[in-house]
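Coordinate-derived values only; no laboratory data. Just so it is clear, the structure is predicted and the values come from calculations on it, not from any experiment. Here the Cβ positions follow ideal geometry from the backbone for every residue, glycine too, while neighbour counts run over all protein chains shown.
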Amino acid sequence: IETLRILANHAIAQLESWQTATRALHESEARYELLVQSVKDYAIYMLDPNGYVISWNDGAEKINGYQADEIIGQHFSRFYPAEDVERGKPNRVLKMAAAAGRFEEETWRVRKDGSQFWGNAVVTALRDETGQLKGFVKVTRDITDRKRTEEQLV
């Protein structure tokens, strides 16, 4: 009976430890979600390894014009001008980010309404502890005003 009591107390302690860790993980995830969703001047979204959108923040909605339910599951190539898509640029960007860990460029982007804007985009490869590619995070900022000012200065 004493052995059973010791084992039961040990099991209870393990369960409490697991519950504490689970609670801390949920709190951490909530803080991360709040952080990403609070950013309004940057489009922050995640792509699966093939370039399909799997998450979308409010800044992405503001900059690109799509609501999350319209874009999640769609390929990120829709943010590129048609000529870039025809030349295979979106897939090359993913290949370069996967190879180097990160890819950055300033180029034209396309909004839902078809209008174009200058975007500074950073694509970062996401890998697990074994090095397996799990997807990408993409951060884009509308830099159209800055580009116009640079052109005026030139």
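Assuming R0 = 25 Å, can you tell me the calculated FRET efficiency for the pair ARG111 and ILE72, based on Cβ-Cβ distance, to the nearest 0.05?
Working from the Cβ atoms, E equals 0.90.
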- Taking the Cα-to-Cβ direction at LEU7 and at ARG102 and moving 7 Å from each Cα, how far apart do the two end points lie in nm? 5.3 nm
- Query: Looking at the chain, what % of the alpha carbon pairs are farther apart than 22 Å?
  - Reply: 52 percent
- Task: Kindly express, to the nearest 10 degrees and within the range 0 to 90, the angle between helix 144-153's C-alpha long axis and the longest C-alpha principal axis of the chain.
- Result: 40 degrees
- Message: Using the basic label-point model (7 angstrom from Cα toward the beta carbon), what is the THR149 to ARG127 distance in nanometres?
- Response: 3.7 nm
- Query: Relative contact order for region 21-154 using alpha-carbon pairs under 8 Å, separation at least 6, rounded to a whole percent?
  - Reply: 23 percent
- Task: Find, to one decimal place in angstroms, the Kirkwood hydrodynamic radius of region 75-121, where the mean of 1/r is taken over every pair of different Cα atoms and then inverted.
- Result: 11.1 Å
